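First comes the structure, then the notes that go with it.
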Amino acid sequence: MSNATLWIVIIVTSAGAFAFKLLGQSLPEQLLERPRTERLAFLIPIALLAALTAVLTFGGEGRTLVLDARAAGVAAAVVLLLLRAPFLVVVAGAALTAAVLRGILG
């Protein structure tokens, strides 16, 4: 991808994001106060974060599935969360697990 193409993609994406935000601001207030809309507004960021976590954890080059130290780190975090560990302990445990496995596996 050339520099010119990259900048065109960035500008078009930015304009699309701005238009999408403007559309959200121009919706009638009655529509935004509906229980269904509020529930969707609450759940969409959670779904997007889960999808991003899955892609960054298990995604390889192209469309390959990779099970490596990242997956073990996420698994360690899940175990620590189930044990109701404090957030910093969860993050440190996941990072330590991934680091140790990367050191062992090379």
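Things to note:
- Some residue of the range 59-72 being surrounded by 12 or more Cβ atoms within 10 Å (Cβ to Cβ) and touching a Lys or Arg at 6+ places or on another chain (Cβ under 7 Å): yes
- Residue within the range 61-70 that is assigned to a helix (DSSP H, G or I), under 30 Å from Gly106 (Cα atoms) and over 17 Å from the mean Cα position of the chain (by Cα) present: yes
- Figure legend. Inter-residue proximity from the range 68-96: first residues touching a residue at least 24 places away in the same chain (Cβ under 8 Å), second residues surrounded by fewer than 14 Cβ atoms within 10 Å (Cβ to Cβ), beta-carbon distance below 8 Å, spacing 6+ or different chains. Indicated pairs: Asp68/Leu105; Ala69/Ala99; Ala69/Leu105; Arg70/Leu56; Gly73/Ala95.
- Here Ala99, Ala85, Ala4 are screened, and the one residue that is assigned to a helix (DSSP H, G or I) and surrounded by 10 or more Cβ atoms within 10 Å (Cβ to Cβ) is Ala99.
- Qualifying residue in the range 33-46 (condition: under 21 Å from Gly93 (Cα atoms), part of a helix (DSSP H, G or I) and at pLDDT 90 or above): no
- Taking the range 1-29 as the range and being over 21 Å from Ala41 (Cα atoms) and small (Gly, Ala, Ser) as the test, the residues that pass are Ser2, Ala4, Ser14, Ala15.
The values are calculated or read from the model by the stated rules, or taken from the named source; none is laboratory data. Values in this document were obtained by computation on a predicted structure and should not be read as measured data. So basically every Cβ, Gly included, is an ideal-geometry build from the backbone, and we count neighbours across all protein chains shown.
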